[in-house]
Amino acid sequence: MKVAVVLADGCEEVEALTPIDVFRRMNIQADMVGLTHQDVMGAHQIALHCDKVVDDSLLEYDCVIFPGGMGGAHALRDNDQLMELMQKRQANGQWNAAMCAAPIAFARYGLLDGHDYTCFPGIDQETKKVAPTRHFKEDITVVDPKGHIITSRGPATAMAYAFCIADTLGLDTKEIKHQMLYDFLKKNI
């Protein structure tokens, strides 16, 4: 089992690092993959150093994860190499995940066509323009098994997003949720 988080300049750092943190705590390979270079500057001026750069090895991951952040999401959306790889992943029935503003990339790639998803409030209007058959939901996380897509809303939902991805991939998250006090948080809000 292994996952990749694809990072571009302007990415939302909390959304990028939370899945990496959760999967690495579970001893699952979680690679930080730079869109065009290994050094990425987040939206809030947090410098991130990636393990590698986007290449065909993205086809080998159990899930490829996109964080939001408008600058990062637009860079992911506009990259034709990444679009081709993600289209191949969906055609192969592989899981892909995007949160916050990043579903705009999935919309351009055609991955949302006819599928359920969620995103940051207002981004759904942008996705509607290029993916009119998509089905927007206001849930914290949305899993569309037919499209092999997992999506979430924004920075505060990053932990729910990471656990949703792990659960969808068939991992047992009960212990890690307890260790990270996620079960306590869910019970008390």
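Just one of the listed residues (Val64, Val33, Val14, Val40) is open to solvent by less than 10 Å² (accessible area, probe 1.4 Å), touching a residue at least 40 places away in the same chain (Cβ under 8 Å) and not hydroxyl-bearing (Ser, Thr, Tyr), namely Val64. Out of the range 142-164, which residues are assigned to a loop (DSSP other than H, G, I, E, B) and either open to solvent by 20 Å² or more (accessible area, probe 1.4 Å) or in contact with a Ser or Thr (Cβ under 6 Å, 6 or more places away or on another chain) (or both)? Those that are assigned to a loop (DSSP other than H, G, I, E, B) and either open to solvent by 20 Å² or more (accessible area, probe 1.4 Å) or in contact with a Ser or Thr (Cβ under 6 Å, 6 or more places away or on another chain) (or both): Pro145, Lys146, His148, Arg153. Within the range 165-189, the set of residues being under 17 Å from Val5 (Cα atoms) and open to solvent by less than 20 Å² (accessible area, probe 1.4 Å) comprises Ile165, Ala166. Just one of the listed residues (Asp139, Asp78) is within 25 Å of Thr36 (Cβ to Cβ) and surrounded by fewer than 17 Cβ atoms within 10 Å (Cβ to Cβ), and it is Asp78. Among residues of the range 92-106 that are open to solvent by 10 Å² or more (accessible area, probe 1.4 Å), those with a beta-carbon under 6 Å from a residue that is in a strand (DSSP E or B) at least six positions away or on a different chain give the pairs Trp95/Cys63.
The values are calculated or read from the model by the stated rules, or taken from the named source; none is laboratory data. This structure is a prediction, so every number in the text was calculated from the model and none was measured. Methodologically, a virtual Cβ is constructed for each residue, glycine included, from the backbone with ideal geometry; neighbour enumeration extends over all protein chains shown. Quick note on the areas: whole protein, heavy atoms, side chains included, nothing else; ligands and nucleic acids left out. Shrake-Rupley method; radii C 1.70, N 1.55, O 1.52, S 1.80 Å.
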